[in-house]
Amino acid sequence: MTKISIELKHVSKRYQPASSLFKRKTSSPLVLKDINLMIPTGEFHVFLGQSGCGKSTLLNIIAGFLPKTGGEVLVNGSEVTEPGSDRGVVFQNADAAIFPWLTVEENVGYGLKMQHVSDKDRKPVVERSLNLVGLEEHADKYPYELSGGMKQRVQIARSIANDPSILILDEPFGALDAQTRRTMQNELIDIWQKTGKTILFVTHDIQEAAYLGQKISIFSRSPESHIAITIPVDRPYPRNVYSSENEQLVNTLNQYFEVGGPVK
Ligand SMILES: Nc1ncnc2c1ncn2[C@@H]1O[C@H](COP(=O)(O)OP(=O)(O)O)[C@@H](O)[C@H]1O
Ligand SMILES: [Mg+2]
């Protein structure tokens, strides 16, 4: 039987209105409404949706950073109530996520150090993680000496060092130039294939979703966003972006992205 990594049942989210602090009765809309999804272990799953539709909100609920309003969120069969070492998170803004006063190596080993893993046991894990993202030559550098792509590699290596079963990435390559972005996408596919981790990747970029996703869940517009459709993409990697299959997929994604489905 296929193991399920992430299971979402009727998940909804409403942010508390700021005015509730003053006990006035205003109701804020549901950002997410009735989200249902099952992500099998080892799948590369993409959330695609327009800006503001609630992708980060849902990721943060799955990561355990945010409380949900309703429904159930199960990770490896257990209800999510807080962040856990089974989930590693990579954010778009590397500068806010990595420590400027620590070297690359120290950043990558930080989580393990916090768990009191000894220097001796930490070293090989950090080395392996740096190798996986191609940063072994830069272990002693500080973040200010790194390019945007390299900083994202540090974040990815840091997540992997903790050996989570799920890697959650929120628009991680959004701030990179097109060429670096493609390199990073290829590296992420490589890491996924080498480690077998479940990957949950958020983007608002249709081409990126088509290039990466084994399954692509498209979100409807906010408020009350839900998953309009989940599209399986049964094509090998690396994908040919100039093929007619890719063109067809991008067209379909476009239709759901713009108007919520094919125009009849
Ligand atoms: N902390 C917050 N408090 C109130 N509303 C929020 C908060 N964070 C996000 N929102 C609102 O929730 C909606 C979804 O936001 P978000 O999850 O960031 O979307 P996305 O990641 O798809 O761009 C937006 O309308 C946004 O304004
Ligand atoms: Mg977001």
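Could you check how many residues of region 55-67 are more than 8 Å from ligand 1 (Cβ to nearest atom) and basic (Lys, Arg)? The number of residues fulfilling the criteria is 0.
Looking for something part of a loop (DSSP other than H, G, I, E, B) and among the hydrophobic types (A, V, I, L, M, F, W, C) - is there at least one such residue anywhere in region 7-16? No. Given the criteria within 30 Å of residue 236 (Cβ to Cβ), out of contact with any Ser or Thr (no Cβ under 7 Å at 6 or more places or on another chain), hydrophobic (A, V, I, L, M, F, W, C) and open to solvent by 50 Å² or more (accessible area, probe 1.4 Å), does residue 65 qualify? Spelling it out, it is not the case that residue 65 is within 30 Å of residue 236 (Cβ to Cβ), out of contact with any Ser or Thr (no Cβ under 7 Å at 6 or more places or on another chain), hydrophobic (A, V, I, L, M, F, W, C) and open to solvent by 50 Å² or more (accessible area, probe 1.4 Å).
In this structure, is residue 200 in the same structural domain as residue 45 (by the TED database), modelled with pLDDT of 95 or more, under 28 Å from residue 113 (Cβ atoms) and part of a helix (DSSP H, G or I)? Taking the combined requirement at face value, the residue does not satisfy it. Within region 40-65, the set of residues being part of a helix (DSSP H, G or I) and either among the charged types (D, E, K, R) or near ligand 2 (Cβ under 10 Å from one of its atoms) (or both) comprises 55, 56, 57, 58, 59, 60.
For region 210-226, state whether one or more residues are closer than 30 Å to residue 113 by Cβ, open to solvent by 50 Å² or more (accessible area, probe 1.4 Å) and in the same structural domain as residue 59 (by the TED database).
no
Taken together, the residues in region 145-184 that are of a type outside the set (A, V, I, L, M), surrounded by 17 or more Cβ atoms within 10 Å (Cβ to Cβ) and within 16 Å of ligand 1 (Cβ to nearest atom) amount to 4.
Results for (1) under 29 Å from residue 210 (Cα atoms); (2) buried (at least 18 other Cβ atoms within 10 Å of the Cβ); (3) touching a Ser or Thr at 6+ places or on another chain (Cβ under 9 Å), shown as yes or no for each residue.
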{"residue": "70", "(1), (2), (3)": "no, no, yes"}
{"residue": "82", "(1), (2), (3)": "no, no, no"}
{"residue": "87", "(1), (2), (3)": "yes, yes, yes"}
{"residue": "103", "(1), (2), (3)": "no, no, no"}
{"residue": "121", "(1), (2), (3)": "no, no, no"}
{"residue": "124", "(1), (2), (3)": "no, no, no"}
{"residue": "129", "(1), (2), (3)": "yes, yes, yes"}
{"residue": "134", "(1), (2), (3)": "yes, no, no"}
{"residue": "140", "(1), (2), (3)": "no, no, yes"}
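Each residue in region 35-54 was checked for being within 6 Å of ligand 1 (Cβ to nearest atom), on the phi < 0 side of the Ramachandran plot and open to solvent by 10 Å² or more (accessible area, probe 1.4 Å), and 1 pass.
Scan region 214-235 and tell me whether some residue there is among the aromatic types (Phe, Trp, Tyr) and out of contact with any Cys (no Cβ under 7 Å at 6 or more places or on another chain). Within region 214-235, not a single residue is among the aromatic types (Phe, Trp, Tyr) and out of contact with any Cys (no Cβ under 7 Å at 6 or more places or on another chain). Of the candidates 263, 233, 250, the single residue that is open to solvent by 50 Å² or more (accessible area, probe 1.4 Å) and hydrophobic (A, V, I, L, M, F, W, C) is 263.
The values are calculated or read from the model by the stated rules, or taken from the named source; none is laboratory data. For clarity, every value in this text was computed on a predicted model and none was experimentally measured. Note that we place each Cβ from the backbone using ideal geometry, even for glycine, and neighbour counts take in every protein chain shown. In case anyone asks, the SASA skips ligands and DNA or RNA and just uses the protein heavy atoms, side chains included. Shrake-Rupley method; radii C 1.70, N 1.55, O 1.52, S 1.80 Å.
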